[in-house]
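The values are calculated or read from the model by the stated rules, or taken from the named source; none is laboratory data. Here the structure is a predicted model, which means the values were calculated and not measured. We place every Cβ from the backbone using ideal geometry, glycine too, and count neighbours over all the protein chains shown.
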Amino acid sequence: MLPVVALATALIALPASATVANIQNIRTSTPFLAELIADTRAHSQTFAEMFDRVERSDVIVYFEPSQRADSGLRGCVHFMGTAGRYRYIRAQIKTLMNRFDVVASLAHELQHAIEIADHPEVRSEESLAELYRRIGSEREWRMFETDRAQTTGRAVRAEVLAAP
């Protein structure tokens with residue numbers, strides 16, 4: 001339990017300069033991801049609505065880059081724990097891709113955060129796996145996917161590409 005408490009404390013203690021202005025539930029300490037989140041929010045109505053929905057929830061999402069070039073995964077979500085009324089998740093995003101693919105991954109993982117927010121019974125890795133067995137499909141052992149997240153990633157990417 002100690003690592004979860006330490007992570008929760010670290011997330012709460014992020015310096016304001018490391019995040020996009022006024023972010024509370026969606027966080028990152030990476031300037032590249034902070035800028036990309038802000039830009040995507042400005043150029044995609046879908047992403048902006050998703051962003052606002054997570055901001056109103058009890059889910060805190062911490063986006064962090066993943067440099068695992070060997071992995072076929074573009075992103076993944078892990079349940080980190082609870083603190084008070086909040087549920088903490090870590091969304092790792094592969095950043096060794098072109099900007100628009102990273103945008104799609106951000107939207108994809110943010111959709112997973114919404115799926116978690118919509119299910120208050122998710123309070124552990126086990127209950128997260130149970131949720132995804134119901135609403136998604138298991139690709140490999142304890143690796144799940146939902147059609148909604150895939151569709152959302154593609155839609156947000158298209159909106160950003162079409163933006164002036």
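A few remarks follow.
- Among (1) closer than 18 Å to residue 33 by Cα; (2) part of a strand (DSSP E or B), the one test that residue 138 misses: (1)
- Which numbered condition residue 75 fails, given (1) within 25 Å of residue 162 (Cα to Cα); (2) modelled with pLDDT of 95 or more: (2)
- Residue in region 22-30 that is exposed (fewer than 14 other Cβ atoms within 10 Å of the Cβ) and modelled with pLDDT under 95 present: yes
- Considering region 51-72, and only residues there that are surrounded by fewer than 17 Cβ atoms within 10 Å (Cβ to Cβ) and of a type in the set (S, T, N, Q), the residue that is modelled with the highest pLDDT turns out to be 67.
- Boolean, residue 88 is in contact with a Gly (Cβ under 7 Å, 6 or more places away or on another chain) and at pLDDT 95 or above: yes
- Cβ-Cβ under 8 Å pairs, at least 6 apart or on other chains, region 27-47 side under 16 Å from residue 100 (Cβ atoms), far side part of a strand (DSSP E or B): 32/65; 33/63; 33/64; 33/65; 33/93; 37/26; 37/28; 37/63
- A single member of 149, 155 is closer than 23 Å to residue 49 by Cα, aliphatic (A, V, I, L, M), at pLDDT 90 or above and surrounded by 20 or more Cβ atoms within 10 Å (Cβ to Cβ), and it is 149.
- All positions within region 91-108 that are surrounded by fewer than 19 Cβ atoms within 10 Å (Cβ to Cβ) and of a type outside the set (A, V, I, L, M): 98, 99, 100, 101
- The selection criterion, being without any contact (Cβ under 8 Å) to a residue 12 or more places away in the chain and of a type outside the set (S, T, N, Q), does not hold for residue 101.
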